[in-house]
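Everything on this sheet refers to the single structure shown next.
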Amino acid sequence: MFYLNDLGLICALGDTHAAIRQRLFAGQSGVVMTDRYSSSGAVPVGCVDSALPQMESGVYPLAHRSRNNQLLLAALKQIRPAVDAAIGLYGPHRIAIVLGTSTSGIAESEAAFQFAYGRATNGRSANGRAANGRAANEQAIDQDRIDKKFPASFTYSQQEMGSAAAMLAEVLGVTGPAYVHSSACASSAKAMASAARLIQMGLSDVVLTGGVDSLCAFTIAGFSALASVSKTRCTPFSANRDGINIGEGAALFLMSAKPATVALRGWGESSDGYHISAPDPEGGGARIAIAQALRRANVDATQIDYINLHGTATQQNDAMESRVVHDLFGDRVAASSTKAYTGHALGAAGAIEAGLCWLAMQDDNRTGYLPPHLWDGVKDSNLPALNLLPEGYRLGRPLRWALSNSFAFGGANAALVMGRE
């Protein structure tokens with residue numbers, strides 16, 4: 001069994017279990033408007049406004065210093081005593097780290113290039129002309145000149161995908177396997193599946209697993225170029241849905257074979273191979289992933305109490321997911337998307353949403369409060385009906401079985417089934 005013994009979680013809803021759960025069950029979104037990450041005006045995003053651990057230059061190598069890793073350290077801080085106890089019990093060589101991310105330190109690269117470009121062009125006359133007659137401010141900047149003018153606070157290593165796992169391993173002094181999945185929005189769900197396999201194969205006794213992603217202009221601009229960013233808080237499965245809200249955060253689970261309230265009971269992974277960004281409209285890969293997860297968990301669709309939908313509020317993704325979920329579960333199972341609470345945290349989304357399920361499965365939620373589905377309430381007649389939850393919904397008993405879906409660019413699909421003992 002792959003027990004989820006503890007959880008460190010930070011997202012737009014807060015940085016403590018109590019704060020996150022209170023806002024989640026009350027239907028209070030953490031999405032806010034800001035122009036911090038967009039040059040074209042304010043957009044709604046799931047920002048983390050909590051104070052983050054500092055990464056002092058004398059303590060952390062430059063390669064590890066990024067906002068992405070600060071978010072991860074904030075999640076680690078919440079469970080550090082349990083992590084240290086596990087290291088003491090099993091030894092550093094038996095502790096693994098498997099994470100998911102899609103941004104890593106790209107925000108630091110953005111800032112460095114802006115700084116370097118500004119210095120490389122400093123002093124040139126905006127009205128001057130290059131020899132070929134082009135305006136001087138349109139002349140190509142020699143890359144070597146930019147490289148030499150990067151700030152001392154930057155190194156290319158900050159944006160490496162493996163940075164989060166390497167940093168965490170160094171901070172904790174563990175020597176087991178440490179690596180990162182980067183498969184877009186399925187990254188951290190796949191990381192959790194990989195963590196379970198490490199324990200299953202006997203390669204590790206404990207795995208720190210989950211995901212982290214940080215907001216940056218790169219992702220906002222990229223999704224905007226695809227016409228996929230909403231100008232308002234996203235409305236998954238609505239007839240008026242018009243795109244996502246990007247978010248950030250970190251979720252870090254302590255996974256082991258030591259019994260706990262909640263376990264990762266099953267997982268499924270597949271690849272559509274359909275399109276670089278659009279999902280397979282028939283949802284073939286999504287069906288396979290969900291079916292695998294149910295089969296591994298040894299449960300059938302009728303036993304699932306709650307589905308945390310991928311629910312991005314994009315036209316094609318919501319259409320595909322609603323068809324697949326309706327075909328497999330009908331309109332009986334309680335379901336909601338939590339993207340309107342946290343924003344879409346991309347590589348961290350799967351782990352954050354698994355974390356929200358984990359919070360709902362704890363002993364102090366005995367009446368089974370579940371996350372309400374935040375939207376405008378306008379049903380899309382072209383989509384099969386789902387049991388989208390109203391505010392204040394309760395199962396009337398503890399949540400026993402939860403499914404969390406993650407469907408990514410490139411056709412990467414992952415589904416997780418969590419069970420309460």
The range 37-60: number of residues that are surrounded by 14 or more Cβ atoms within 10 Å (Cβ to Cβ) and of a type outside the set (Val, Ile, Thr): 10
Set 370, 328: member being at pLDDT 95 or above and touching a Phe, Trp or Tyr at 6+ places or on another chain (Cβ under 9 Å): 370
Close pairs (6 angstrom Cβ cut-off, 6 or more residues apart or separate chains): in contact (Cβ under 8 Å) with a residue 40 or more places away in the chain and buried (at least 17 other Cβ atoms within 10 Å of the Cβ) in the range 354-378, of a type in the set (Val, Ile, Thr) and assigned to a loop (DSSP other than H, G, I, E, B) anywhere: 356/338; 371/338; 375/235
Residue check, residue 351 of a type in the set (Gly, Ala, Ser), farther than 24 Å from residue 101 by Cα and buried (at least 24 other Cβ atoms within 10 Å of the Cβ): no
Any hit, the range 224-234, residues being touching a strand residue (DSSP E or B) at 6+ places or on another chain (Cβ under 7 Å), among the hydroxyl-bearing types (Ser, Thr, Tyr), closer than 24 Å to residue 384 by Cβ and not in a helix (DSSP H, G or I): yes
Subset tally (residues that are crowded, with 20+ Cβ neighbours inside 10 Å and free of Cβ contacts under 8 Å to residues at least 60 places away in the same chain) for the range 16-36: 0
For residue 69: the one exception among (1) of a type outside the set (D, E, K, R); (2) at pLDDT 95 or above; (3) surrounded by fewer than 24 Cβ atoms within 10 Å (Cβ to Cβ); (4) within 30 Å of residue 157 (Cβ to Cβ): (3)
In the range 196-227, residue farthest from residue 275 (Cα to Cα) [restricted to those that are polar (S, T, N, Q) and surrounded by 15 or more Cβ atoms within 10 Å (Cβ to Cβ)]: 204
Top-ranked residue of the range 296-318 - restricted to ones that are in a helix (DSSP H, G or I) and without any contact (Cβ under 8 Å) to a residue 40 or more places away in the chain, ranked as farthest from residue 25 (Cα to Cα): 316
Residue satisfying all of: in the range 241-261; more than 17 Å from residue 309 (Cβ to Cβ) and more than 20 Å from the chain's Cα centre (by Cα); surrounded by the fewest Cβ atoms within 10 Å (Cβ to Cβ) among these: 259
Hits in the range 321-341 (condition: among the small types (Gly, Ala, Ser) and surrounded by 18 or more Cβ atoms within 10 Å (Cβ to Cβ)): 322, 334, 335, 336, 337, 340
Matching residues, the range 385-420, being closer than 15 Å to residue 368 by Cα, part of a strand (DSSP E or B) and among the aromatic types (Phe, Trp, Tyr): 401
Total residues in the range 83-110, condition of a type in the set (A, V, I, L, M, F, W, C) and modelled with pLDDT under 95: 2
Subset of the range 228-240 (residues that are hydroxyl-bearing (Ser, Thr, Tyr) and buried (at least 24 other Cβ atoms within 10 Å of the Cβ)): 235
Test: residue in the range 277-295 that is part of a loop (DSSP other than H, G, I, E, B), in contact (Cβ under 8 Å) with a residue 60 or more places away in the chain and among the charged types (D, E, K, R): yes
Cross-chain or 6+ apart pairs with Cβ under 9 Å, the range 234-252 first and on the phi > 0 side of the Ramachandran plot and touching a residue at least 40 places away in the same chain (Cβ under 8 Å), then of a type in the set (S, T, N, Q) and part of a strand (DSSP E or B): 237/337
Verdict on residue 318 being surrounded by fewer than 20 Cβ atoms within 10 Å (Cβ to Cβ), at pLDDT 95 or above and of a type in the set (Asp, Glu): no
Checking residue 390 against (1) surrounded by 17 or more Cβ atoms within 10 Å (Cβ to Cβ); (2) farther than 22 Å from residue 219 by Cβ; (3) in contact with a Pro (Cβ under 9 Å, 6 or more places away or on another chain), the condition it does not meet: (1)
The range 237-276, residues that are charged (D, E, K, R) and either modelled with pLDDT of 95 or more or assigned to a strand (DSSP E or B) (or both): 241, 242, 248, 258, 265, 269
Of all residues making up the range 190-216, the number that are in contact (Cβ under 8 Å) with a residue 24 or more places away in the chain and on the phi > 0 side of the Ramachandran plot: 1
Entirely in the range 1-117, the strands (runs of 3 or more DSSP E) that have 2 or more residues that are within 23 Å of residue 195 (Cα to Cα): 2-10, 95-100
The listed residue being touching a Cys at 6+ places or on another chain (Cβ under 9 Å) and under 21 Å from residue 416 (Cβ atoms), out of 266, 247: 247
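The values are calculated or read from the model by the stated rules, or taken from the named source; none is laboratory data. Just so you know, these numbers come straight off a predicted model, no measurement behind them. Please note: Cβ atoms are built from the backbone with ideal geometry, for glycine as well, and neighbour counts cover all protein chains shown.
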